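Since the structure comes first, as structure tokens, the remarks are kept for the end.
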């Protein structure tokens, strides 16, 4: 709706990561520099961590758009609590290697052969693992073993690990990761954007969808946007989507602090728990409207110290209603058109 009102060609603040909207904040610029350094070294691990919504996936997508596929063969894995063998099979699938190799040793041999093929073709191999905090220790150990593959004196694979802050802590403190830790050549933790980067970030994304200056963003809107988002890109995107919608509904040519604060107040109200209470005794007869009745009563009269009793009572009513025998319906007389 706000796209049409403001003449935008797309959604500037979508929550789905899109490398096209990559914004080079100070922290992302530093992370990209480390990633470039890692590619130049061609060995070991580069580790980038950051809070949820800090832009790790967008950063990775931007990097992949920058590299020359003729020179770097890159695959990207999003881990889902994989064990070591599962990780190897996932890597094999991404390299186009059949996974029915007759055991782990054969699968490793097939992966190494593929890495050698890349090296002979003049390609470096880059493996990017996103959400690395979900990987089991055995999977991290397999990645370490892959980093040992060499042609002559040159490593055949470069590894980038991206994850949430708990992986940074795990990497620093877990004695079982000492060998992997010794292979890390650079680390960077993505921090939130500074307050001075909020306006450039917003206008950058707006310009990518055809923004011509309307709506403008007033100076007094920046502080509450920064304060409530904490400078985290995804949080800021979520707020700005609602702000633009509110602006369009009000037909506002300027997004000011009044609109932002109104949206934030509405969001805070929506996040509060419902104030509901139990139905009275006269409202307990189950019927076909029981679900709607229970929901209305719950939303209107609930008291916090009665939550358990209310939920049990509503469940009982719904169960009684569901277990009522269905009255047989009279059979319709059959008629003939002839």
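What to note about this one:
- Each Cα pair under 8 Å and six or more residues apart adds its sequence gap; the mean of these over the residue count of the stretch 39-156 is a relative contact order of 37 percent.
- Spatial separation of Cα centroids for the stretch 152-170 and the stretch 26-57, in angstrom: 10 Å
- Calculated diffusion of the stretch 1-129, Stokes-Einstein form, Kirkwood radius summed over Cα pairs, 37 °C and 0.692 mPa s, µm²/s: 192 µm²/s
- When the convex hull of its Cα atoms is viewed from all sides, the stretch 37-100 shows a mean projected area of 5.7 nm².
- Extension reserve of the residue 106-residue 179 stretch, reckoned as 0.36 nm per residue once the Cα distance is removed: 23.8 nm
- Neighbour-count ranking [beta-carbon atoms within 10 angstrom, fewest first] of 228, 62: 228, 62
- Full extension of the chain between residue 117 and residue 270 yields a length gain of 49.5 nm, computed as 0.36 nm times the residue separation minus the alpha carbon distance.
- Sorting 154, 118, 5 from the fewest to the most surrounding beta carbons within 10 angstrom yields 154, 5, 118.
- R0 of 22 Å, Cβ-Cβ distance residue 65-residue 195: FRET efficiency to nearest 0.05: 0.15
- Simple spin-label estimate for residue 148 and residue 30 in nanometres, 7 Å along Cα-Cβ: 3.4 nm
- Theoretical FRET efficiency, 1/(1+(r/R0)^6), r = Cβ-Cβ of residue 261 and residue 172, R0 41 Å, to 0.05: 0.55
Since every read-out is calculated from the coordinates, none of them should be taken as a lab result. Just so you know, these numbers come straight off a predicted model, no measurement behind them. Note that we place each Cβ from the backbone using ideal geometry, even for glycine, and neighbour counts take in every protein chain shown.
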